[in-house]
1. Any lysines with Cα under 17 Å of the K15 Cα? List them, leaving off those in the same chain fewer than 8 positions away.
2. At 0.890 mPa s and 25 °C, plugging the Kirkwood radius over alpha-carbon pairs of the range 75-146 into Stokes-Einstein gives what diffusion coefficient in µm²/s?
3. Over the range 33-122, calculate the relative contact order: mean separation of alpha carbon pairs under 8 Å at least 6 apart, over the residue count, as a percent.
4. Suppose a student asked you for the relative contact order of the chain, using Cα pairs under 8 Å spaced at least 6 residues apart; what percent would you report?
5. If amide H atoms are built 1.01 Å from N in the plane of the peptide, which residues on other chains or at least 5 residues away come under 5 Å of the amide H of S436?
6. For the range 348-420, build the charge dipole from Cβ charges (+1 Lys, Arg; -1 Asp, Glu) around the Cα centre, then report which of A381, A416, V348 sits farthest towards its positive end.
7. Report, ordered by chain and residue number, the lysines lying within cross-link reach of K2, taken as a straight Cα distance under 18 Å and ignoring same-chain residues fewer than 8 apart.
8. How much of V288 can a 1.4 Å solvent probe reach, expressed as accessible area in Å² and rounded to 10?
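The values are calculated or read from the model by the stated rules, or taken from the named source; none is laboratory data. Please read these numbers as outputs of a predicted model, since none were measured by experiment. With ideal geometry, Cβ positions are generated from the backbone for all residues, glycine too; neighbour counts draw on all protein chains shown. Side chains are part of the model used for accessible areas, which takes the heavy atoms of the whole protein and leaves out ligands, DNA and RNA. Shrake-Rupley method; radii C 1.70, N 1.55, O 1.52, S 1.80 Å.
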Amino acid sequence: MKSYYVRTFGCQMNKHDSERIAGLLEASGYRAAQTIETADVIVFNTCCVRETADDRLYGQVSSLKALKTGGRPDVLIAVGGCVGQRDGDTVLTQVPHVDVVFGTHNIHELPALLDAAEAGRPAVSILAEGDAFASDLPQQREKPWHAWVSITVGCDNHCAYCIVPTVRGAERSRSMDDVVAEVAALVADGVREVTLLGQNVNSYGRDRYGASRFPELLHAVAATGITRIRFATSHPKDLSDDTIAALAELPAMMPYLHLPVQHGSNRILAAMNRTYTREQYFQRVEAVRAAVPGIALSTDIIVGFPGETEEDFADTLDLVERVAFDHAFTFIYSPREGTPAARLPETVSRPVAQERFDRLANLVRDLSYAANQAEVGSVRACLVEGASRRDERVLAARTPHNRLVHISVPHGATAASLAGSIVPVRITGAHPWFLSGELIDPGPGESAHSG
Ligand code: SAM
Ligand code: SF4
């Protein structure tokens, strides 16, 4: 039996695609390898949203040449996903020891492409577009109690800096029946939490005339009896009052919203083609907080977009402070060939961008720390993910607000035995990026496994 190893770069969408790549390979008779060096088939599921991911991919693939020349010439190397879609057979020009190239629309072809490569036939296949949803392929879930469920693929928004619409295509929504059937099957399989995925989940259904939209989908998914629902990502311009109402009304909806703002200056937001102003963003945040008091908010922010002045950047700091995000993912602008912004003169030097990035990162850390400190003393129903990365005796769990909590493994239990259960936890300490907590006795009549 041949073995495989999948290395994933990039976003949740890619992680989900990788689960399906693993599922496909298992269904084709492969088994998981323990390490990349011992695998018979190595699959890189790639990201090209920023240059750093691109560079890391080509660096890592290049270094595998030694594996092939050093005694394992039969190892097959496949490059798929966003870089495969963008670069096609030019991947082979840059790294000729790669055997298979596939794109974002044809993951299902991978087993056949591997067979072709093994037989010495050409194995590069890119489709310009496709209807396949990763969720329709066989699955190999990373965590038995959590599932990603894609509800849309592609994106119609064309933010000026972003390569996603080029490599993922136009937005397409999956039918509500398919999504609900999948979640129902997951519930039956013991899944406690689903994360509904799309580049802009709020526009779900827009491409299917007369079909249900995102708020109805949330109600239908909740009706399956799933314990916890999260979703990503929300575009602020499409976050409707009905979606906010569903967040407030449905007990399964977790009180957490990722709402990327990207910038705090109206001038830069317009140049980015985000189609909302900072005032409109504040208004959406107010509406969400009024409907779901205490909801945790996170965001994405880009620093150093072409034309960004010190005043523009001050607007970003001001917006971040005023919203007081619980967390923010921060990025230095990375020009991507083929995007409108790549044609703009780069006015912000790397050292200036780095200095602004560091100031923003400090503010984000301070806000996250303050939000975590406010949690101390509260009791939260936490979903146990397993052992923490560094210590088998410490559990990693998530509060409903998506905060990471470290808890000592109780006597007589193991991290593995508790993974997937929902337990009451008293928060005892705060750190900038995580909380400390202790399991508490649920008391008579309450189940440690209740939502
Ligand atoms: N669809 C999502 C949205 O609109 O928020 C996220 C898509 S993208 C994979 C994730 C994040 O990467 C974006 O929110 C943005 O902050 C960042 N990003 C995208 N293109 C970038 C670029 N060229 N340079 C730096 N950051 C970028
Ligand atoms: Fe990229 Fe904008 Fe689409 Fe998000 S909404 S994927 S940032 S184009």
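1. Candidates past the 8-residue exclusion: K143.
2. Details: Rh = 13.0 Å.
My calculation gives 189 µm²/s for D.
3. Details: 111 pairs, mean separation 24.1, N = 90.
Relative contact order, the range 33-122: 27 percent.
4. On the way: 891 pairs, mean separation 42.7, N = 451.
It comes to 9 percent, rounded to a whole number.
5. H406, T428, G429, A430, H431
6. Final value for the positive-end residue is V348.
7. Partners within reach: K68.
8. Only protein atoms counted, so the area is about 0 Å².
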